[in-house]
Amino acid sequence: MHNDVSPINPYQMAVEQFELAADRLNLSEDMREILRHPKRELIVHFPVRLDDGRIHTFTGYRVQHNVNRGPAKGGIRYSPEVTLDEVKALAMWMTWKCAVVGIPYGGAKGGVICDPKQMSAAELERLTRRYATEISIIIGPHSDIPAPDVNTNSQVMAWIMDTYSMHEGYSIPAVVTGKPLSIGGSEGRNDATATGVLFVTRQAAKRIGMPLQGARVSIQGFGNAGSIAARLFHNEGCKIVAVSDTRGGIYNERGLDPAAVLRHKQERGTVVGFPHAETIGIQDVLEVPCDILIPAATEGVITEENADRIQARIVSEAANGPTTPAADKILFKKDIMVIPDILANAGGVTVSYFEWVQDLQSFFWGVEEITQRLEVIMNRAFAAVAARAEQSHCDMRLAANMLAISRVAEATQIRGIYP
Ligand code: NAD
């Protein structure tokens, strides 16, 4: 059983990945100097009244990395582990992600240091409305559009949309995405990240000649991205052999029923204890025998310490930043195809983009149209990254970063430096 995860600085990781791609692109020092720094970092400390009458001051962040290709876009995370460096890394990855799938956004991210599992719904609402007010000086439908991330959901987005709209005096649905359908959310947004993971994994499997039917899948994290991926891959004919959450993992080589696991998690708050499955350690889910590994939890979980023990043929990164640069090298040597986060999980931001377009036009599309458009974008991006990897004899992450960074650099170059 392996339960220790050493602390990894995600921003150092993001910059290291950037420099690797910049080297291969022969990017000028001037351009690197622009792209390696976030454009804005806002830190807010704000008081919230707790249910017991006390006041607690929370700390939150909103970071915009680059806006040369369009307004900033990125999720908001609630977690005790949020740090400024984590938010900076996630904002930079958002810039590259939007560029790799070719949607007209720059990158941003936000976070609040809090433990939502210990807070009531009323406390979370007060925290959200105050945080939204504090960051409202830089967010907006044409400047920076937040979305859900770890421990935030459509209800949180509804509160942000309402708070922002109250200040402006009229409803502005396009200020956030991932909203409930009843207030301008989009069909397909809830499943979008996992659907995108499925689309690119299909392409990867085709490339290495591995049928998805019967393929064994292991998934770390059983939240929005992970639990929906479990359902979609199961429907595709895959066998979900292991899943996990913060309390531990479960394994059954004959396959788990994702709907039953989800019911168990909803009742007990964890996947652990699911009947007819073996309990495994929180890190073991990465190392079980499987064909497809889907990290869908958090950063820095595949490291030089455990990369050698990974048995999958494809690693499809639903989570952001799950693999360290040192682990990347080991996986590449082992001939494991890693579909990098900025490509694999871009389905979420792509359907967020569709939601924003629909909100701005007040004209809504059906789910078939959304899924079709998403598939076109994901398959096109996968093909472009795979071609670049072949051409440059490198792994898919370096190829995706090269493609994305060259697009952002081109936009930055052509706009010029103000003034
Ligand atoms: P979520 O809060 O819905 O779920 C996170 C899950 O991960 C939970 O089940 C939690 O218990 C589990 N978890 C956390 N740390 C863990 C650990 N160390 N080991 C095992 N399980 C752990 O969050 P989400 O929205 O599903 O996001 C998960 C990842 O996917 C994040 O990296 C996020 O940035 C990324 N992502 C999400 C979206 C989206 O649309 N939701 C889009 C793109 C990327």
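The values are calculated or read from the model by the stated rules, or taken from the named source; none is laboratory data. Given the structure is predicted, the values throughout are model-derived calculations rather than measurements. When we count neighbours, we look across all protein chains shown, and the Cβ atoms used for this are built from the backbone with ideal geometry, even at glycine. Ligands, DNA and RNA are excluded from the accessible area calculation, which covers all protein heavy atoms including side chains. Shrake-Rupley method; radii C 1.70, N 1.55, O 1.52, S 1.80 Å.
Rolling a 1.4 Å probe over the protein heavy atoms of the stretch 59-202, with every protein chain left in place, gives an accessible area that is 51 percent carbon and sulfur. Which residue, Tyr11, Tyr251, Tyr170, tops the fluctuation ranking in a GNM of the chain built on C-alpha contacts under 10 Å? Highest fluctuation of the listed residues: Tyr170.
When the pairs Lys206/Lys329; Lys265/Lys329; Lys97/Lys333; Lys109/Lys329; Lys88/Lys179; Lys97/Lys179 are compared against a 30 Å limit on Cα-Cα distance, Lys265/Lys329 fall above it.
Relative to the current alpha-carbon distance between Gln391 and Arg415, full extension at 0.36 nm per residue lengthens the span by 5.8 nm.
With contacts taken as Cα pairs under 8 Å and at least 6 residues apart, the chain reaches a relative contact order of 17 percent. Taking the Cα centre of each part, how many Å lie between the stretch 22-43 and the stretch 314-336? Between the Cα centre of the stretch 22-43 and that of the stretch 314-336, the gap is 23 Å. Around the Cα centre of the stretch 1-118, unit charges on the Cβ atoms of Lys, Arg, Asp and Glu (plus for the first two, minus for the last two) sum to a dipole of about 540 debye.
Once the C-beta distance of Asn26 and Arg202 is scaled by a Förster radius of 45 Å, the resulting FRET efficiency is 0.85 to the nearest 0.05. Only Cα sites of the chain enter the Debye sum here, all with the same form factor; the resulting log10 I(q)/I(0) across q = 0.06, 0.08, 0.09 1/Å is -0.22, -0.40, -0.51, listed in q order.
Rounded to the nearest 20 debye, the dipole size of the stretch 13-57 about its Cα centre is 240 debye, using +1 on the Cβ of Lys and Arg and -1 on the Cβ of Asp and Glu. Could you work out the local net charge near Cys98, counting Lys and Arg as +1, Asp and Glu as -1, over the other residues with Cβ closer than 10 Å to its Cβ? Net local charge, Cys98 excluded: +4.
Between Ala383 and Val357, the simple spin-label model (points 7 angstrom out along Cα→Cβ) gives 1.8 nm. Only Lys, Arg, Asp and Glu carry charge here, each on its Cβ (+1 for the first two, -1 for the last two); on that basis the chain has a dipole of about 520 debye about its Cα centre.
Both radii come from the Cα set of the stretch 21-61: Rg as radius of gyration, Rh as Kirkwood radius; their ratio Rg/Rh reads 1.45. Per-peptide packing, taken as the mean over residues of other Cβ atoms within 10 Å, places 362-368, 244-250, 22-28 in the sequence 244-250, 22-28, 362-368 from highest down. Shape verdict for the stretch 1-95, please, from the Cα gyration tensor: rounded (a/c under 1.5), prolate (a/b greater than b/c) or oblate. Oblate, because a/c is 1.5 or more while a/b does not exceed b/c.
Here's the picture: a label point sits 7 Å out from the Cα of Ser406 along the beta-carbon direction, and within the stretch 16-30 the residues with their amide nitrogen under 14 Å of it are 21-28. Whole-Hz Karplus values for the stretch 285-294 come out as 4, 7, 10, 5, x, 7, 9, 10, 10, 10 Hz, taken residue by residue from phi with 6.51 cos²θ - 1.76 cosθ + 1.60 and θ = phi - 60°; glycine and proline positions read x. Among Pro419, Phe363, Ala381, whose Cα lies farthest out toward the positive end of the dipole of the stretch 288-419, if unit charges sit on the beta carbon of Lys, Arg (+1) and Asp, Glu (-1)? Positive-end residue among those listed: Pro419. Beta bridges from DSSP with both residues in the chain: antiparallel share about 50 percent, rounded to the nearest 5. Residues of the stretch 228-263 with an amide N closer than 17 Å to a point placed 7 Å from the Cα of Thr279 along the Cα-to-Cβ direction: 243-252. Here's how it looks for Ala319: its modeled amide H is under 5 Å from those of Ala296, Ala297, which are all 5 or more places away or on a different chain.
The stretch between Asp51 and Leu84 holds 9.1 nm of extra length on full extension. This uses 0.36 nm per residue minus the Cα-Cα distance.
Overall, the anisotropy analysis places the stretch 174-251 in the oblate class: the square-rooted eigenvalues a ≥ b ≥ c of its C-alpha gyration tensor yield a/c not less than 1.5, with a/b not exceeding b/c. When the charge dipole of the stretch 127-221 is built from unit charges on Cβ atoms (+1 for Lys and Arg, -1 for Asp and Glu) and taken about the Cα centre, the candidate among Gly169, Ala147, Ala215 whose Cα reaches farthest toward its positive end is Ala215. Remark: the stretch 406-412, residue by residue, has Karplus-estimated 3J(HN,Hα) of 5, 5, 5, 5, 5, 5, 5 Hz, where x stands for each Gly or Pro and the curve is 6.51 cos²θ - 1.76 cosθ + 1.60 at θ = phi - 60°. Karplus-based coupling profile of the stretch 230-239, in residue order and whole Hz: 4, 5, 5, 5, 4, 5, 7, x, 7, 10, with θ = phi - 60° in 6.51 cos²θ - 1.76 cosθ + 1.60 and x standing for Gly or Pro. The Kirkwood hydrodynamic radius of the stretch 236-345, based on inverse pair distances between different Cα atoms, is 14.3 Å. Packing order of peptides 406-413, 379-386, highest average first: 379-386, 406-413 (average count of other Cβ atoms within 10 Å over each peptide's residues).
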